[in-house]
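Asker: I'd like to ask some things about the structure below.
A short reminder: the numbers here are calculations on the coordinates, not readings from a lab. It should be emphasised that the depicted structure is a prediction, and the values quoted were computed from it without experimental measurement. Here Cβ is always computed from backbone atoms with ideal geometry, including for glycine, and neighbour counts include all displayed protein chains.
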Amino acid sequence: MDLISIAKPPLFNFEECKWFLDRGYDDCMHQVLETSIRKLIPTPEGNCLIEVADGDEALEAVIITGPESPAAVTAVRQYLSSWFDMERDLNPLYDLTHQTKTSWLTDPYQGLRLVMIPDFFEAISWSVIGQQINLKFAFALKRRLVELCSTPHEYEGVEHYTFPSPASVAKLTVAELKERQYSQRKAEYLIGIAQQFEAGLLSHEQISGLPDTPQMIEALCAIRGIGEWSANYVLMKAFQRMDCITHGDTGLQAAVKRQLNLDRKPTREEIIEFLKPFKGWESYLVFYLWRTLSDKKT
DNA sequence: TTCCAGGCAGTAG
DNA sequence: CTACTGCATGGA
């Protein structure tokens, strides 16, 4: 079977990206092995279970099971490239942190890419699921939704899934999700959003067709269940917008609090001020700040 | 026990 | 406009 090679840009570190996907949570959307990652990726011709690993010059993936036609290979290649944000030149970001003497923010994780959630529906669903609750519980809720709606693809004793389609979530009842420990509200938000996708009222094209990030945030915030935090999160993870700040984010607040040595959580203005030197790279700053939280306190 | 997690909408003043 | 509240659950 053919190897799918994706050239690695400068400042790309597969190990750092893999670390992010293996933080100790039970994420049902991929499986992290010693030196590789397995994931079930949807293509126009069916799902491909792929295994991706690091190579000398390129990221190297193989299709373990599923179609290997040119169209499927193209879809896999595009997915992996988006997933690890591989087309972006990070040199300007690293230049910025060096110029502003904040290289301690980037250099310990050199080559870490903003790990994306390329599918819009998956990203917006995950943003709703993750609201307010701790991440462990959020991953448990996601798994319950996925196991309810998606068909498992078993390989070597592990169940692999693609994220449920809007159609399958739109058909659920609030009661089915409440049985799985979703709150009434979370269940309503999720099903409502799925129904909007189904009705053609919400799509990647519709949002990406808007002129700029502020208009996209406005459009997303008009959706019930989506506030400023979720809108920015989704634009960062599914639309690869680089100027997103997840205001209200407890993780971001904790990270900036630590970096500024405050004894309270920073205000919105203090966070804006902290990110001011990094105009156009706010999303990466947020992602790297989250990363710092997993390091021991200094 | 109480408080808070990668928030949000609903309500009251 | 701002302030306050409930939400589901688990870990600190």
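Asker: Need one word for the range A:57-201: rounded, prolate or oblate. Basis is the Cα gyration tensor (sqrt eigenvalues a ≥ b ≥ c); a/c below 1.5 gives rounded, then a/b vs b/c decides.
Answerer: Verdict is oblate for the range A:57-201.
Asker: For the range A:248-265, what does the Karplus curve 6.51 cos²θ - 1.76 cosθ + 1.60, with θ = phi - 60°, yield as ³J(HN,Hα) per residue in whole Hz, taken in order and with x for Gly and Pro?
Answerer: x, 6, 5, x, 4, 4, 5, 5, 5, 4, 5, 5, 8, 6, 8, 9, 8, 6
Asker: Before anything else, pin down the relative contact order of the range A:197-298: Cα pairs under 8 Å, at least 6 apart, normalised by residue count, whole percent.
Answerer: Reported as a whole number, the value is 21 percent.
Asker: Could you pull out every residue, at least 5 positions away or on a different chain, whose amide H is within less than 5 Å of the one on A:CYS48? Hs are placed 1.01 Å off N in the peptide plane, and Pro or chain starts have none.
Answerer: Here the answer is A:ILE41, A:THR43, since their amide H atoms fall under 5 Å of that of A:CYS48.
Asker: Then there is this: First check a/c for the range A:256-298, with a ≥ b ≥ c the square roots of the eigenvalues of its C-alpha gyration tensor; if it is under 1.5, answer rounded, and if not, answer prolate when a/b is larger than b/c or oblate otherwise.
Answerer: Taking the square roots of the gyration eigenvalues as a ≥ b ≥ c, the range A:256-298 is oblate.
Asker: Hey, got the dipole for the range A:120-238? About the Cα centre, +1 on K and R Cβ, -1 on D and E Cβ, debye to the nearest 20?
Answerer: Dipole about the Cα centre, nearest 20: 440 debye.
Asker: Related question: Kindly identify the range A:39-81 as rounded, prolate or oblate by the Cα gyration tensor criterion: order the square roots of the eigenvalues as a ≥ b ≥ c, call it rounded if a/c is under 1.5, otherwise compare a/b with b/c, prolate if a/b is larger, else oblate.
Answerer: In terms of gyration-tensor shape, prolate.
Asker: At q = 0.08, 0.09 Å⁻¹, work out log10 I(q)/I(0) for chain A with the Debye formula, treating every Cα as an identical point scatterer and leaving solvent out; two decimals please.
Answerer: Summing over Cα pairs of chain A leads to -0.35, -0.45.
Asker: When a footprinting reagent is the concern and you count Cβ atoms within 10 Å, what order do A:THR151, A:THR213 take, fewest first?
Answerer: A:THR151, A:THR213
Asker: What do you get for Rg/Rh over the range A:120-238 if you use C-alpha atoms and the Kirkwood form of Rh?
Answerer: 0.98
Asker: Additional query: For all pairs of alpha-carbon atoms in the range A:181-296, what percent lies in each bin of width 10 Å, listed from the first bin to the last filled one?
Answerer: 13, 39, 30, 16, 2
Asker: Now for a separate question. Spelling out what I want: for every residue of the range A:61-68, take phi, set θ = phi - 60°, compute 6.51 cos²θ - 1.76 cosθ + 1.60 (Karplus), and round to whole Hz; glycine and proline get x.
Answerer: Calculated HN-Hα couplings, in order: 10, 10, 8, 6, 9, x, x, 10 Hz.
Asker: Each residue of the range A:269-278 in order: what ³J(HN,Hα) in whole Hz does its phi give by Karplus 6.51 cos²θ - 1.76 cosθ + 1.60, θ = phi - 60°, with x for Gly and Pro?
Answerer: My calculation for the range A:269-278 gives 5, 5, 5, 4, 5, 4, 8, 4, x, 10 Hz in order.
Asker: Turning to a different aspect of this structure: Quick one: what do you get for the range A:4-84 if you divide its Cα Rg by 2.2 N^0.38 Å?
Answerer: Its radius of gyration relative to the 2.2 N^0.38 Å reference: 1.06.
Asker: Around A:SER5, under 12 Å between beta carbons, what's the net of Lys plus Arg minus Asp minus Glu among the other residues?
Answerer: After counting each charged neighbour, the total is -3.
Asker: Ok, one more. Can you list residues from other chains, or at least 5 along the same chain, whose modelled amide H is less than 5 Å from the amide H of A:ALA58?
Answerer: Under 5 Å from the amide H of A:ALA58 lie the amide H atoms of A:LYS8, each far enough along the sequence or on another chain.
Asker: Just how far, in whole angstrom, is the range A:76-134 from the range A:34-54 if you go by their alpha carbon centroids?
Answerer: 19 Å
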